[in-house]
Every structure is written in C-alpha cells, then in structure tokens.
Amino acid sequence: MKKIFVLLAAALCAACADDLTEQVVVAPQDVSSKIVSTSDNAAEGDLLIYFEEEATSRVESGVSRSASTRTGIDKLDEVLTMVGVERVERLFPVDVRHEERTREAGLHRWYVVHFDKSFNLDEAAKAMAEVAEVQRVQFNGYIRSIAEPSVVRPAESAMDGEKVQWVPSSAESRVTYKFNDPDLYKQWHYINNGDTGIYSGAKAGADVNCGEAWEITAGDPRVIVAVVDEAVKWDHPDLAAAMWVNTAEKNGQPGVDDDGNGYVDDVHGYNFAMDAPLALTTDKNVTGDHGTHVAGTVAAVNNNGIGGCGVAGGTGNGDGARIMSCQIFYNSYVATDVGTARAFKYAADNGAVIAQCSYGSARKITSDRAYYSMSPSEIDAIKYFESAQGGRCDALDGGVAIFAAGNQEWNYSCYPGAYRDFISVTAMSCDFTPGYYTCYGKGANIAAPGGDYLQSYMDFNPDNRGSFKSEVYSTTYMAGNYGYMQGTSMACPHVSGVAALGLSYALELGKKMSVKEYKTILLTSVNDIDRYCTGEKYKQAGSSAVKYDISKYASKMGTGYIDSFQVLMNVKGTPCIPVRLGVRQSIDISKFLGGGVAGLTFLDTPVEISSADYAKLGIEGEVTISSSGKLQIKCTKPGSAVVKFNFIAGGNELGSDEGAGGMAITREVAILARGMASNGGWL
C-alpha cells in the first residue's frame, strides 16, 4: 500500500501545527499547471524540479550544506521529509569547463529528488508544486526504444536448415568500390546497383549514394557523432578505431573524474541508464546489438579489409568520423527522462556535433505542445545540444539532433523526432518503396534506407526466399560481429552518417555554417520518393504477411530520400542539375546560377567532364552548352558527376590590350542522373 501525502501531512500537523499552517499555504499560481507530465509509465521515487531563477542560489547553497538531502527552502524541505527524501542533486552535474553556458541556458535550475519509492508519486508532485519557489515538476518518464521487436538477423540466414548463399544476379549488378571491405557488396543501402540477388525487385539508386560521395570525402575525426542508444561495442574490430576517446580518462586513474566533467571513467562515453561507465548488454532477452548496429552504419571503419563500411567511416587512414557512446539503455533498464537529458548535455559538452537517436516515445503524442508537457527537461537538453557553442566543430555553430520516425505505421512521426526543431527520418527499402513498418506524415522530415525483410523473405526468387538481404547490414555485438536489422532505427544513422560527411567536407573547405543553414542543406539534398508510393507490397500482420496499398505514403515520407553526393555539392555551393535517363536534353542552366543570363555570354564549346564519368553515366554524344545557356546531354545510366564550363561576364568577348571586354569565368555544376516520373516531372 502506497503512503498517501494527506496522511503524512496529518501526522506532521499533530506534531507541529503552527509551523505546518504556514507551510501548506498554496502559491498564488495554479498548482496543477506546474506539474507538466503524468505519473503514467514513470519511475517510482523520482521527480524533477525546475526552480525559479531567484531561488537557485538558495538551493545550491542548501544542497551543498546538507549532504544533498535539503534545498535551503524551508517549505520544500518539509515536503522532502514527508516523502522520505534520499538525495537531492542537480539534473546536470557540474562540468567546470562549461558551467557558464550551462547557466546561460538555465539548465542549472533543474534538480532531481530521489525519495521513498513507496510514496505516491502524484501526491509527492502536488506537494512539491505547492512550493512557490518551484516553477515546474516533472515525472521521470520512461522512454521506449523504437527498435524492431525481432532479434538481429545473422549475416548468413537459413530457411528450413539450408544455408542461403548470396549469388549476385550478374557481374555488373554486384556492388564494387575501391575500398577492400569484403562485405560492402551486402550494403545495398550505400551503393545499390539493382542487384536482384538482394531482392527480385531491387532498383538501382535506392541508396544514399555513398560511392559518389566517397570520391570527395569519407569522413573526418574532428566530426564526433553521439550515439544515444544502447552501448556501442567499443572494441569491435570494425569500430574500435572509430571510437571517440576521452584521453584524460583513458590516461587517468580508475574511479576518478580526471577531466572534471562530472562523470567517472567515461573513456568512450557514459552509461546514463545506470550512472556508471559503459556496459554491454548481458541479458539474452534484450536485443543488445542496437547501438552497435547503428554506430556501424554511421562510421564503421572503411578500407580496413574486414566486414563492411560506414557512411562516414573514412578511407582506412584514420580519417573517419568518431563515435561517442551515450548509453541510455542497458539490459532491462529502460531509458528515462533523467538519463536521456543528461546524455544530450554530456554529448554537447564533450564535443559531439551530431546526435544519432534511434529511439522515441511509444506514447501517441501528436503535438509539440503535448511533447513539451511530457518532457521539458529532455527538450531543454536537446536544445542545449543544438545551440551555438564554441569548440565543438569548426564547420558548424552548434549541433544537429537526428531521430528515427518510428516503426508503428502511424501516420505521424514519433517524438522527439516530430518536434519542429529536430529531424525525423522515415525508412525506405531497396526498391524505393516505404518500409512496411515506417511511421510517416506529420512531423516526418526525410527518408533513408531502413530495409524491409519481407521483400527477400517473400521473394519468388528461390535463392532469396527466407533470407534477410533486403535489410540493413552492419556491425553487431551479441549476434556475432555483423548482421541484418531493419527499421527507422536503421534509416536514421544513414542520415547521421551523411550529415557527418557534409561537415567533414565543410572542414576541408574551411567553411562554417549555422545549424539552420545545415539542416536546410540536409533536408533539400534529396531525390523524390513519391513515384514509388503506388501499388501493393507485403507487410507484417501478426504471424502472417499480407498485401496492402502503399499510396497512403505519397507526399508523407518527408522531403525525399537523402543523397550524400548532393549534400556535399550543396555544402560546396555547387548547383545540382537533374537529368532524365535515355533522352538527349536541353536544360537551361541559368536558373541554377543565381537566375537570369543577363550580362553572361556562354561559350559554345564542350564542357569539361572526365572520361570515367562519361562511362559511369553512359553519356552518348558530346556534353555541350550553347551560347544561349542550354546544357545538351544524354545519360543512359544513373549516377552523379561534376562538369565544368566557361562563360564571359560583362560582355560578349574577352577583354584585351586593345579594348575592354568581359571576364572569363569557369563554373561547375553537378549532374544527377536518375529516373523520371510518368508525368515527366523530375524525381
């Protein structure tokens, strides 16, 4: 039987009636409005308090004087006695390096009260909210992972005990690249050549276009990606060299906070689920592989002769992005508002510039207002992560938080991703169609490959039936070193990896962007997916697979599916020009050059394009630009390439010693050859 506040209050009243009369006076503001969430699905014995600014100095002084069981506010301390207080602490531990900006953001006003777990949460919240100095009271809600409910698929699947071999449909369709990672050919989500050995309906180009991007950049160790998830297996053979290292802790003394950031032994990150060093899952009933799988998609080491690749995994020369493990799940310990908020604050203070977040609330939250009412501490922490802070990455003035949209098939994204300031990622499969599980619609911002196991599992091709090759292939922990998974959880790290590539290139160019500017680049560097949102495909229905109409996804998967090559071109400022396949086109390029051709004279000559790109795009005939600014080109293969051309600004001829004239200008544009919609519109 839970203890009830009114009974304890009555008992206390008998002992000190005069004092209690003073203490129970309700503050002028409405008490219920100060309680911003509910006790449903919340941790017992915990409450978060956000103090009025004027009261903070008293609280800090009181906590330091009283072994963390008192606040220095008499009325609140009486309540704490009633509820059986065990400890009062700052939600965000003091990091001496960043205390000033912590205070500027108001995060020092958040505290956590730990008390007797048998005490009624609602009564405790009401009592604390009645204290005038308390501005908000929040329950410590549980946050559910939105990972797929099934286990990780092994790298080689079996059907009826028979091992399924991967046989590419042809030599041309098997993915190849100059990296020597032996499993890259399994990662259609990076480079998809339409190999029907994956799935009979696989389509070339249903990927994030890594092959094109890697020719420009493959990552930079100055770009740190915080994986807010289960622990990343820090000594995985394909991840160990990609892990962020806190050198002060690595070279320091065990059990000591060597760098003064408020956390002990945080060598590669921290375990916020247990308030302890990172720990790999040991419970066989828990997935355990989720954090390691998404980390591999972001930055598994490329060109190291083992396993697969990561989107921003470098070239094998120590040049990939770095992974910081911010653990919010461990065994049966479900993430809470406290642990998750701390993870974002830690990531920001320790240099992460991208937060990779394949988790979300399983509660049906449908508005930003409702989300803020449930988790204001989490929003405050994520906004702190995204805010402008020096010393994190010279290419960006803050951070970018990227979330999975959810796997519940809802027609709106899960939160936090659906919140207006954050990026929410939907999932597509190897034929451009939406993953059968993906959330979509309101709050969904962008799509990326997340896989769809039913495609290869239900395939009419007997070589595929029962396999999971149409899922995402990456690093794992409990199921061996590599395996397949599907979900918006798997789509999300593709966007995070591409975001890391873009910042890597910006660093190379010496370019710095605002967070808003960079989000705009990410969300507009896409190819359209709507053309493929027609017809039927299989989805899971209990233990069966049934067909369903996918037209409901049209215009609801976000801006399109992300293209890493386009991101790099847009970071550089190179216009991207779409080109249809199979027809010779005449494209007015002036609209890609800032508008209008007034004062420009194009030189009617072939453009500069490499012979390798000619072959890659299957270009037939010459690529030219007419004097009127029309690009003439015919591509027969999907792909991307950069072309250069010349024009004269300020006249119709070049200047010379004998007379004035225009200036010769060389520009470049990116050619993006993809398919065309049936109505003739660009995809």
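The values are calculated or read from the model by the stated rules, or taken from the named source; none is laboratory data. No experiment lies behind these values; they were computed from the predicted model shown. Please note: Cβ atoms are built from the backbone with ideal geometry, for glycine as well, and neighbour counts cover all protein chains shown.
Quick look at the numbers
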quantity	calculated
From Leu631, Leu617, residue being in the same structural domain as Ile589 (by TED's automatic domain parsing), hydrophobic (A, V, I, L, M, F, W, C) and at pLDDT 90 or above	Leu617
Sole exception among (1) assigned to a helix (DSSP H, G or I); (2) more than 19 Å from the chain's Cα centre (by Cα) for Lys539, by number	(1)
Qualifying positions in region 188-228 - surrounded by fewer than 24 Cβ atoms within 10 Å (Cβ to Cβ) and within 17 Å of the chain's Cα centre (by Cα)	Ile224
Condition broken by Ile529, with the remaining ones in (1) surrounded by 15 or more Cβ atoms within 10 Å (Cβ to Cβ); (2) modelled with pLDDT of 95 or more satisfied	(2)
Top-ranked residue in region 409-432 [being more than 26 Å from Glu517 (Cβ to Cβ) and surrounded by fewer than 24 Cβ atoms within 10 Å (Cβ to Cβ); ranked as nearest to the chain's Cα centre (by Cα)]	Tyr412
All helices (runs of 4 or more DSSP H) inside region 283-376 with 3 or more residues being of a type in the set (Ser, Thr, Tyr)	368-374
Within region 367-411, tally of residues that are over 28 Å from Val498 (Cα atoms) and β-branched (Val, Ile, Thr)	0
Which numbered condition Lys178 fails, given (1) within 30 Å of the chain's Cα centre (by Cα); (2) of a type outside the set (A, V, I, L, M, F, W, C); (3) at pLDDT 90 or above; (4) buried (at least 16 other Cβ atoms within 10 Å of the Cβ)	(4)
Subset of region 485-500 that is more than 17 Å from Lys233 (Cβ to Cβ) and outside any helix (DSSP H, G or I) - its residue that is farthest from the chain's Cα centre (by Cα)	Gln486
Scope region 501-527; condition in a helix (DSSP H, G or I), closer than 24 Å to Arg420 by Cβ and in contact (Cβ under 8 Å) with a residue 60 or more places away in the chain; matching residues	Gly502, Leu503, Val515, Tyr518, Lys519, Leu522, Leu523
From Glu508, Glu471, residue being within 23 Å of the chain's Cα centre (by Cα), crowded, with 20+ Cβ neighbours inside 10 Å and of a type in the set (Asp, Glu)	Glu471
Filtered residues of region 262-295 (kept if touching a His at 6+ places or on another chain (Cβ under 8 Å) and not β-branched (Val, Ile, Thr))	Leu278
Residue in region 90-111 that is surrounded by the fewest Cβ atoms within 10 Å (Cβ to Cβ), counting only those that are within 21 Å of Gln138 (Cβ to Cβ) and of a type in the set (Lys, Arg)	Arg103
Selection within region 317-334 - surrounded by fewer than 24 Cβ atoms within 10 Å (Cβ to Cβ) and in contact with a helix residue (DSSP H, G or I) (Cβ under 9 Å, 6 or more places away or on another chain)	Gly318, Asp319, Tyr333
Neighbours by Cβ (under 7 Å, 6+ apart or cross-chain): first from region 38-60, under 18 Å from Val88 (Cβ atoms); second loosely packed, with under 15 Cβ neighbours inside 10 Å	Glu44/Lys117; Gly45/Lys117
Candidate set: region 75-128, residues that are among the acidic types (Asp, Glu) and assigned to a strand (DSSP E or B); chosen: the one nearest to Asp337 (Cα to Cα)	Glu89
Residue within region 258-265 that is part of a loop (DSSP other than H, G, I, E, B), outside the structural domain of Ala448 (by TED's automatic domain parsing) and without any contact (Cβ under 8 Å) to a residue 12 or more places away in the chain present	yes
Criterion (more than 18 Å from Asp380 (Cα to Cα) and either in contact with a Leu (Cβ under 8 Å, 6 or more places away or on another chain) or free of Cβ contacts under 8 Å to residues at least 12 places away in the same chain (or both)) met by exactly one of Gly313, Gly308	Gly308
Pick from region 542-565, criterion outside any strand (DSSP E or B) and among the aliphatic types (A, V, I, L, M), ranking: farthest from Tyr440 (Cα to Cα)	Ile550
Count of region 61-89 residues which are touching a residue at least 24 places away in the same chain (Cβ under 8 Å), basic (Lys, Arg) and surrounded by fewer than 19 Cβ atoms within 10 Å (Cβ to Cβ)	1
Flag for Tyr553 being closer than 24 Å to Asp229 by Cβ and touching a helix residue (DSSP H, G or I) at 6+ places or on another chain (Cβ under 9 Å)	no
Residue list for region 301-337, restricted to those being of a type in the set (A, V, I, L, M, F, W, C) and under 20 Å from the mean Cα position of the chain (by Cα)	Val301, Cys309, Val311, Ala312, Ala321, Ile323, Met324, Cys326, Ile328, Phe329, Val334, Ala335
Test: Asn251 is farther than 30 Å from Gly639 by Cβ, more than 21 Å from the chain's Cα centre (by Cα) and without any contact (Cβ under 8 Å) to a residue 40 or more places away in the chain	yes
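Residue by residue, here is whether (1) modelled with pLDDT of 95 or more; (2) touching a helix residue (DSSP H, G or I) at 6+ places or on another chain (Cβ under 6 Å) holds:
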| residue | (1), (2) |
| --- | --- |
| Val36 | no, yes |
| Asn41 | no, no |
| Arg58 | no, no |
| Gly62 | no, no |
| Ala67 | no, no |
| Thr81 | yes, no |
| Leu91 | yes, no |
